[in-house]
Amino acid sequence: MSTRLYEHPIFLEHIVPPGHPERPDRLRSLNIALEHPNFERLDRRKAPPAPEDAILLAHPEEHLEFVLRSMPDRGDDGEINQLEADTYASPKTLQAILHGVGGAMAAVDDVFSGAADNVFVAARPPGHHAEKSKAMGFCFFNNAAIAARHAQKAHGAERVAIVDWDVHHGNGTQDIFWDDPSVLFCSTHQMPLYPGTGKKDERGAHNTIVNAPLSPNTGGDHFREAFKSRILPALDDFRPDIIIISAGFDAHYRDPLAQLNLTGEDFDWATGRLLEVADRSANNRVVSLLEGGYDLEGLAESAGMHILRMMKG
């Protein structure tokens, strides 16, 4: 498989207060893992910036304007503004956001043009908690939702599937696509846990929301069973033209923010199953976007195995 990775130094310059889990060291740890010879064939590119109006693919103008107003003055490198309980902006945050959105959109372009079979976007801040009109949970705008809308608008995708295995439910993605029959949203996540959404009976207006909550302290066997019984059948029935993964790695057993016990092998297995679905219905088109993952060792292991599986097919 031909696999591309989008990265950019600007992602390290989204600064958060000391002790915040969503910190630049997350990407530094992944970069160390990618120095292994296994990744020599990985096509690494700098993520391009998106224009500000690309945000409007998934968010109203009022939300874009609110976030823009909330950004600190770029002249004060030490200033950090708090938008919400745990969501902070520094002077370079907007640039990081736009390169993250741009990387997600470029990844969609790549898999539709044939420039790559699949693409991983190693960006921060993450996006899946950003609702249509609300920044929250470290997230400002929803990268996965913007990528899905870009696939529809620019490439004529009729059916887009978003699979979210972050340990926290992707409430933002669910909110944006609740009424949309053209986008299937599937999520495995710990429950109970922040943000409190993601029950099985939350199905959306057209039964295109598929939630598979997992109990605290369960591990890979429950995760794989949820995939086999709920996620994979829904994907096969939907037959997506592209699969977008909200790839959070905070369900790893080392992660400090939750109590699931997955290993890198579980993420490798799930990646393989999604690649099989993409081979059957989506001409191998898979775009994966980094979401959570806050233990540096667990993130490096899991994301590395995920990317390596994308490279092997």
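The values are calculated or read from the model by the stated rules, or taken from the named source; none is laboratory data. Quantities reported herein were computed from a predicted structural model and do not represent experimental measurements. Quick reminder, even Gly has a Cβ in these numbers, built from the backbone with ideal geometry, and neighbours come from all protein chains shown. The protein model used for the area step is the full one, side chains on, heavy atoms only, and it has no ligands, DNA or RNA in it. Shrake-Rupley method; radii C 1.70, N 1.55, O 1.52, S 1.80 Å.
Using the beta-carbon distance between residue 56 and residue 158 and R0 = 22 Å, what value does 1/(1 + (r/R0)^6) give for FRET efficiency, to the nearest 0.05? Intermediate results must be reported in sequence, preceding the final value.
Details: r = 21 Å, r/R0 = 0.98.
Given R0 = 22 Å and the Cβ-Cβ separation, E is 0.55.
If you average the C-alpha positions of segment 246-282 and of segment 1-29 separately, how far apart do those two centres end up, in angstrom?
Their Cα centres are 19 Å away from one another.
Quote the relative contact order of segment 150-227 in percent (integer), defining contacts as alpha-carbon pairs under 8 Å separated by 6+ residues.
Numbers: 136 pairs, mean separation 21.2, N = 78.
27 percent.
Roughly how many Å² is the accessible area per residue of segment 94-156, as a whole number, for a 1.4 Å probe?
23 Å²
Would you look at the GNM of the chain, springs on alpha carbons closer than 10 Å, and say which of 129, 20, 169 moves the most?
20
I'd like the accessible area for residue 132: 1.4 Å probe, protein heavy atoms, all chains in place, Å² to the nearest 10.
90 Å²
I want to verify a result. In a Gaussian network model of the chain, Cα cutoff 10 Å, which of these has the top mean-square fluctuation: 80, 146, 245?
So, out of 80, 146, 245, the one fluctuating most is 80.
What size of dipole, in debye to the nearest 20, comes out for segment 177-247 about its Cα centre when the only charges are +1 on Lys and Arg C-beta atoms and -1 on Asp and Glu C-beta atoms?
200 debye
Name the residue, out of 227, 39, 177, whose mean-square fluctuation peaks in a Gaussian network model built on the chain with Cα pairs under 10 Å.
Highest fluctuation of the listed residues: 39.
Computed from these coordinates, which is semi-axes √(5λ) of the Cα gyration tensor in Å: (1) 25, 21, 21; (2) 34, 26, 17; (3) 37, 31, 18?
Checking each listed value against the structure points to (1).
Would you kindly derive the ³J(HN,Hα) couplings of segment 278-288 from the backbone phi angles with the Karplus curve 6.51 cos²θ - 1.76 cosθ + 1.60 (θ = phi - 60°), listing them in order in whole Hz, with x for Gly and Pro?
Values per residue, Gly and Pro as x: 4, 5, 6, 10, 10, 6, 6, 6, 9, 10, 10 Hz.
About its Cα centre, how strong a charge dipole does the chain have in debye, to the nearest 20, once Lys and Arg get +1 and Asp and Glu get -1 at the Cβ?
On the way: 30 positive and 46 negative charges, 124 e Å.
Roughly 600 debye, rounded to the nearest 20.
Given contacts defined as C-alpha pairs under 8 Å and at least six residues apart, what's the relative contact order of segment 3-312, whole-number percent?
Details: 735 pairs, mean separation 58.8, N = 310.
Over segment 3-312, the number comes to 19 percent.
When only DSSP loop residues count, what trypsin sites (Lys or Arg not before Pro) in segment 1-82 have their Cβ near at most 11 other Cβ atoms within 10 Å?
Answer in residue order: 41.
Please get the size of the charge dipole for segment 172-313, origin at its Cα centre, with Cβ charges of +1 on Lys and Arg and -1 on Asp and Glu, quoted in debye to the nearest 20.
Around 300 debye, computed over segment 172-313.
Can you give the accessible area of residue 269 in Å² (nearest 10), computed on protein heavy atoms with a 1.4 Å probe?
Counting only protein heavy atoms, residue 269 exposes about 40 Å² to solvent.
Using a 7 Å offset from the Cα along the Cα-to-Cβ direction at both residue 200 and residue 32, what is the distance between the two label points in nm, to one decimal?
4.1 nm
What 222 nm value per residue comes from the helices of the chain, counting each DSSP H run with n ≥ 4 as -39,500 (n - 2.57) and dividing by all residues, nearest 500 deg cm²/dmol?
Numbers: 9 runs with 109 residues, N = 313.
Result for the chain: -11000 deg cm²/dmol, rounded to the nearest 500.
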